[in-house]
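Student: Sharing a structure with you now.
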Amino acid sequence: MKPQAAVLPDARPASLALRLAPDFALPFVQLARWDRPIGWELLLAPCWWATALAGIASGQGPNLAHLALFYIGAIAMRGAGCTYNDILDRDLDAGVERTRGRPLPSGRVTAKAAAAFAVAQALVGLAVLMCFNRATILVGLGSLVVVAIYPLMKRITSWPQAVLGLAFSWGALVGWSATFGRLDWSAVALYAASVAWTIGYDTIYAQQDARDDAIVGIRSTARLFGANARVAIAIFYAATAALTQVALLGAGGGLWAELGWLAFAAHLGWQVVRIDGASPAVALKLFRSNRDSALLLFAGLALQGWL
């Protein structure tokens with residue numbers, strides 16, 4: 001069993017990464033958030049949605065090789081992004097209760113070692129990207145600008161969740177391009193839906209830190225919306241459902257796809273009902289549940305393409 005200091009507040013203590021990693025590797029496991037898989041799962045979702053949506057449009061179902069490549073790439077790039085974010089935020093993290101135990105603010109790893117680790121993970125992501133067609137490579141590289149500026153946004157705007165949405169949703173463009181070698185309006189609609197979804201679920205996540213964020217000067221939509229957070233999340237989730245339906249109809253739709261969409265929309269509605277007055281623990285649970293909502297939509301899209 002790992003020492004308690006090695007388990008951060010929002011990590012999963014039973015995480016396979018925590019249980020298998022030797023003690024010297026624990027800071028790097030935490031830098032990459034391998035003990036918190038929800039991040040790469042949410043990053044992966046738009047990639048898989050777009051691949052499945054393209055499978056409907058092409059009449060062939062989702063490309064299994066593409067799904068596997070996106071799986072590897074999501075883990076690598078989410079880890080690289082989190083490591084980069086922690087390097088920039090190490091002083092701010094030291095002032096927030098939930099994050100002060102992270103490897104950099106706690107002094108368990110140096111910034112130089114963290115930077116080398118970020119580069120190594122980014123190279124894995126680049127290797128995955130190079131497996132796709134030229135158009136997809138160019139689309140994928142375009143995300144780097146948004147990824148680079150995101151960690152700075154919480155210092156200058158109350159909408160860092162929107163910038164995160166622009167970055168985390170890029171897979172909707174890459175996934176479609178990987179199949180067709182171009183971007184169509186269905187992919188753009190799915191990208192917009194994913195941006196709205198990200199703003200919604202990350203506002204839920206940010207509610208955990210609203211008090212400490214106010215003390216250290218970190219901005220967020222949770223602080224911006226305040227007592228109206230539930231209404232705002234409902235609006236973004238409604239936009240998510242509507243834009244996803246637009247993308248779905250553009251790709252051809254179908255019974256299984258519509259059932260997946262209904263289950264996805266119902267799950268988002270369930271989150272809105274539960275979020276009002278939620279404790280930090282419940283907010284974290286609702287945030288993590290978005291993995292399940294994403295899988296419901298993917299299942300419907302994939303079945304439509306295969307069946």
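Student: Any residue that is closer than 26 Å to Val163 by Cβ, polar (S, T, N, Q) and out of contact with any helix residue (DSSP H, G or I) (no Cβ under 9 Å at 6 or more places or on another chain) - is there at least one of those in region 232-242? Can you show your working first?
Tutor: Restricting attention to region 232-242, the residues satisfying the condition of being closer than 26 Å to Val163 by Cβ are 232-242.
After this cut, where a residue has to be polar (S, T, N, Q) as well, the list is 240.
Filter once more, so that each one left must be out of contact with any helix residue (DSSP H, G or I) (no Cβ under 9 Å at 6 or more places or on another chain): none.
No, that holds for no residue.
Student: Can you find, within region 237-257, the residue that is farthest from the chain's Cα centre (by Cα) among those that are part of a helix (DSSP H, G or I) and closer than 12 Å to Ile56 by Cα?
Tutor: So in region 237-257, the residues part of a helix (DSSP H, G or I) come out as 237-251, 255-257.
Next, only the ones that are closer than 12 Å to Ile56 by Cα stay: 247-251, 255-257.
On the way: Ala247: 20, Leu248: 21, Leu249: 25, Gly250: 24, Ala251: 24, Leu255: 28, Trp256: 25, Ala257: 22 Å.
So the residue we want is Leu255.
Student: Every residue in region 89-121 that is among the hydroxyl-bearing types (Ser, Thr, Tyr) and either over 26 Å from Ile156 (Cα atoms) or crowded, with 20+ Cβ neighbours inside 10 Å (or both), please.
Tutor: Scanning region 89-121 gives Thr99, Thr110.
Student: Mind listing whichever residues of region 60-98 are in contact (Cβ under 8 Å) with a residue 24 or more places away in the chain and within 22 Å of Gly305 (Cβ to Cβ)?
Tutor: Filtering region 60-98 for residues in contact (Cβ under 8 Å) with a residue 24 or more places away in the chain gives 60-63, 66, 69-89, 92, 95-98.
Correct list: Gln60, Gly61, Pro62, Asn63, His66, Leu69, Phe70, Tyr71, Ile72, Gly73, Ala74.
Student: Test each condition in (1) of a type in the set (A, V, I, L, M, F, W, C); (2) within 30 Å of Phe298 (Cα to Cα); (3) over 20 Å from the mean Cα position of the chain (by Cα); (4) part of a helix (DSSP H, G or I) for Ile75 and report the one that comes out false.
Tutor: (3)
Student: More than 15 Å from Ala192 (Cα to Cα) and in a loop (DSSP other than H, G, I, E, B): does that describe Gly269? Before you say what the answer is, go through the steps one by one.
Tutor: Numbers: more than 15 Å from Ala192 (Cα to Cα): yes; in a loop (DSSP other than H, G, I, E, B): no.
Judged against the criteria, Gly269 is not a match.
Student: Is there any pair with a first residue in region 100-115 that is in contact (Cβ under 8 Å) with a residue 24 or more places away in the chain and a second that is among the hydroxyl-bearing types (Ser, Thr, Tyr) and buried (at least 19 other Cβ atoms within 10 Å of the Cβ) whose Cβ atoms are under 6 Å apart and which are 6 or more apart or on different chains, and what are they?
Tutor: Sorted first by the residue in region 100-115, then by its partner, the pairs are Ala114/Thr83.
Student: Just name the residue that is surrounded by the most Cβ atoms within 10 Å (Cβ to Cβ) out of those in region 158-181 that are at pLDDT 95 or above and hydroxyl-bearing (Ser, Thr, Tyr).
Tutor: Ser169
Student: Here's something else I'd like to know. Quick check on Arg155: is it within 21 Å of the chain's Cα centre (by Cα), surrounded by 15 or more Cβ atoms within 10 Å (Cβ to Cβ) and closer than 25 Å to Gln207 by Cβ?
Tutor: Against the criterion (within 21 Å of the chain's Cα centre (by Cα), surrounded by 15 or more Cβ atoms within 10 Å (Cβ to Cβ) and closer than 25 Å to Gln207 by Cβ), Arg155 does not qualify.
Student: Pull out all pairs, ordered by first then second residue, where Cβ-Cβ is under 6 Å, the residues are six or more apart or on different chains, the first lies in region 146-166 and is more than 15 Å from Gly39 (Cβ to Cβ), and the second is at pLDDT below 90 and outside any helix (DSSP H, G or I).
Tutor: Lys154/Ile218; Lys154/Arg219; Ser158/Arg219
Student: Out of everything in region 13-27 that is small (Gly, Ala, Ser) and in a helix (DSSP H, G or I), what residue ends up being modelled with the lowest pLDDT?
Tutor: Top of the filtered list is Ala17.
The values are calculated or read from the model by the stated rules, or taken from the named source; none is laboratory data. Just so it is clear, the model here is predicted, and its values are computed rather than measured. Positions of Cβ are backbone-derived with ideal geometry, glycine not excepted, and every protein chain shown enters the neighbour counts.
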